[in-house]
1. Going residue by residue through region 93-104, is there one that turns out to be basic (Lys, Arg), farther than 23 Å from PRO81 by Cβ, over 19 Å from the mean Cα position of the chain (by Cα) and surrounded by fewer than 18 Cβ atoms within 10 Å (Cβ to Cβ)?
2. Do any strands (runs of 3 or more DSSP E) entirely within region 89-166 hold 1 or more residues that are under 30 Å from LEU26 (Cβ atoms), and if so, which?
3. Mind listing just one residue for me: the one in region 91-137 that is in contact with a helix residue (DSSP H, G or I) (Cβ under 7 Å, 6 or more places away or on another chain) and of a type outside the set (A, V, I, L, M, F, W, C) and, of those, modelled with the lowest pLDDT?
4. Name every residue in region 66-88 that is without any contact (Cβ under 8 Å) to a residue 40 or more places away in the chain, more than 22 Å from GLY156 (Cα to Cα) and in a loop (DSSP other than H, G, I, E, B), in order of residue number.
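The values are calculated or read from the model by the stated rules, or taken from the named source; none is laboratory data. Not measured: the values here are computed from a predicted model. Heads up, the Cβs are rebuilt from the backbone with ideal geometry, glycines too, and the neighbour counts pull from every protein chain shown.
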Amino acid sequence: MSLARAVPALILLAGLSCARHDPAALLEVVEVETYWIVDSPREDQNFIAPAVRFRLRNKGSVQLSSVQARARFPGTSEEEPWGSIQEQVSYWREPLPPGEERLVTVRSVGRYQAAADPEDMLRSPGFKDPRAEVFVRIGNSNWAKLAEVPVERRIGAPGLPDLAQP
């Protein structure tokens, strides 16, 4: 094969190996739970942040080696929604095989703060309930929104004793 034919063939093969995956077609969010995390108090102030926990399932037929998740926490009337830190779900050393799922927890970087106890913050008449919007991507694909749920007024992850009860 001449060099003139080999170069286009190599470019075509490189392009196929770097094809973008469609997160909405290959991934599924199941068992979504929301709650509030209590951060360490500082200077007589308590802090709570919304969190979303879910299982991310590979519903495709290929192993996924670079999956990330993040969330957005828009309120009912807030101009700027709270975001989250990206969570690495899988990478080349621990890929996500077809049919398998991973437990993912994403917390907001934004928080409510008050001198009140965390449980009282949730009961405040001025408290604004956010939603959790879950986004995922595979490699360098675009982010795909796979879930949107209200954040439950609950301190601590489901399955733990309800810390807001006396």
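1. yes
2. Counting at least 1 such residues, we get 101-107, 131-138, 144-150.
3. Within region 91-137, the match that is modelled with the lowest pLDDT is TYR112.
4. Within region 66-88, GLU79, GLU80 meet the criteria.
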